[in-house]
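The values are calculated or read from the model by the stated rules, or taken from the named source; none is laboratory data. Fair warning: this is a prediction, and the values are worked out from it, not measured in the lab. Neighbour counts are summed over all protein chains in view; Cβ atoms, including those assigned to glycine, are modelled from backbone coordinates with ideal geometry. These area figures cover heavy atoms from the full protein model, side chains too; ligands, DNA and RNA do not enter into them. Shrake-Rupley method; radii C 1.70, N 1.55, O 1.52, S 1.80 Å.
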Amino acid sequence: MNAADYVLDSLTDMDRYVCLLAGARGTPDVVAAVREYLAAWPAERVARVQRVDAGWAPFDEFQRPASIDRPADVHRACNAVHEQCMSLRGAAMVPAPELLELDLFLFLASAKLADFEPATIAAARVPQPSARAGNTGAARH
């Protein structure tokens, strides 16, 4: 499979999980969609992310997804992945496509959770869209 096929396959898979998020009717649906999305990552993709992983990605040393059981787990994974992306950008490095996809999906999941639990946003420090749009390297609050 060439790189273009891989990207198209990846987008198709992500579209499916974004649709799961969009159709979520509550926090359990969002958490389940995140679990399914992470479980669908092939070992090769996880390995590419783990090349620069210092324990922040939602995968363990055996390339299995970390336990995502609650909205707080989704927020924690989202924040960790996003902070890594910002750190890489701050170091003038371009994050790998897999990492950017992971960042985007977890951001969407956190935003969807905010629809159901707006009071948890401040406590979870969900990233704001403006922090993701630019490559300023600015910390989010």
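Summary table
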item: Residue list for the range 72-87, filter: in contact with a Pro (Cβ under 8 Å, 6 or more places away or on another chain) and either among the charged types (D, E, K, R) or under 15 Å from R48 (Cα atoms) (or both); result: V81, Q84, C85
item: Residues that are open to solvent by less than 80 Å² (accessible area, probe 1.4 Å), among the aliphatic types (A, V, I, L, M) and not in a helix (DSSP H, G or I), drawn from the range 61-97; result: A66, I68, A91, A96
item: Tally, over the range 27-56, of residues that are at pLDDT 85 or above and part of a loop (DSSP other than H, G, I, E, B); result: 3
item: Boolean, A123 is modelled with pLDDT of 90 or more and either in a helix (DSSP H, G or I) or open to solvent by 10 Å² or more (accessible area, probe 1.4 Å) (or both); result: no
item: Meets criteria (open to solvent by 60 Å² or more (accessible area, probe 1.4 Å) and in contact (Cβ under 8 Å) with a residue 24 or more places away in the chain) for E117; result: no
item: Selected residue (criterion: least open to solvent (accessible area, probe 1.4 Å)) from residues of the range 33-60 that are basic (K, R) and closer than 14 Å to L99 by Cα; result: R45
